[in-house]
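Each value in this text was obtained by applying a stated rule to the coordinates, not by laboratory testing. Given the structure is predicted, the values throughout are model-derived calculations rather than measurements. Every residue, glycine as well, gets a Cβ built from its backbone with ideal geometry; the counts of neighbours run over all protein chains shown.
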Amino acid sequence: MRSAVASEARDTSSEPLPEPAAEEPRNGLSPHRQSPRALVADAWAGRALVRPFGSRIIRKMYAKTILGATWLFIRPIVDTGGRALLFGSILGVAGPPNGVPYFLFLLVGMQSWRLFDQTLFWATRSFDRHARFTRRFAFPLLLVPIAGSAFAWVEFAIYTGIAVFVFALFVVTDGVLYLSVGPQLLMGVAGLLLATLLALGVGFWLCVLNARWRDVRLTLRYVLEIWLYATPVIYPLSQIPSGFRTVAQINPMTPIVEMTKQGFLDAGDVTVPGVIWAVSATAIALGSGLWFFGRYAARFISPYVVVDDDEEEEDMI
């Protein structure tokens, strides 16, 4: 009896092991490359996920703060007020020649810049901050950097509310409506749209690279700070020294910010070559970003994204 069992054990042990089942791709996604058209189609099909994912991001950002969502209002007020005090009052930076108050000039410029800045920053950080969530649910990859930049749109809405209040305040105190009313408002809207698309285009590149190399987001903070001062947000383009004006003009954010100021304040220096360059740079960034994302996102992100509990709480504010 014992020999029969032993013989049977030897026979079964000599049989080849069954092939392991192929591992299902994480997040229900194929690890293969996707064309930009397929990426956009998948994102459009899952667009209903953007709102709950974006709401989750906003809640987590201020979950462990005393003031909570009040920070959403404190940051734009302190940021713009502090810059207006430093550059407008202490350093004496003049407003535009058409007489628009410097605070309004700065506020509209910061509104467009912060939309670009925050969209790019949070899109870049989207995978290393929300990897666990996207692994648990079937979630189109392209929606991660898009929904991950939800904070930028919330802050933009608050900047808009502050701008409306300040416009109304100047109507009461000065009797002047500095807001441009007419078809040129569309230029301001176009500038805001270009700022968003340019940020997403660059963000599609950086979010993939940042998922593997954290140096990307650490470096981005300094790049954005330098980029701000290379863009006529705090001062009019005409006040930039001639030696540095060429640098400002080849910066694609310069015509975008100028379009915003011209559209809302009639205080921008908009040229046809500048607009063509801004549109071209945005199209190149967006097209190449979609191509790079579709080619490498599934390969770079799944194996390398590791999120620690402490890391999730880093840089929330």
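Peptides 52-63, 105-116, 281-292, 81-92 ranked from most to least packed, by the mean per-residue count of other Cβ atoms within 10 Å: 105-116, 281-292, 52-63, 81-92. Compute the Cα gyration tensor for the range 76-205, then decide on rounded, prolate or oblate, letting a ≥ b ≥ c be the square roots of its eigenvalues: rounded whenever a/c is under 1.5, prolate when a/b is larger than b/c in the other cases, and oblate in all that remain. Cα axes put the range 76-205 in the prolate bin.
Ranked by the mean number of other Cβ atoms within 10 Å per residue, highest first, peptides 261-274, 229-242 order as 261-274, 229-242.
Inter-label distance, Thr160 to Ala230: 3.0 nm, where each label sits 7 Å from its Cα along the C-beta direction. Of the Cα atoms belonging to the range 235-291, the radius of gyration and Dmax stand at 12.4, 39 Å. Computed from label points 7 Å out along Cα-Cβ, the spacing between Ala48 and Val176 is 5.1 nm. Plainly put, the range 137-224 has a radius of gyration that is 1.13 times its Kirkwood radius, both from alpha-carbon atoms, as the Rg/Rh ratio.
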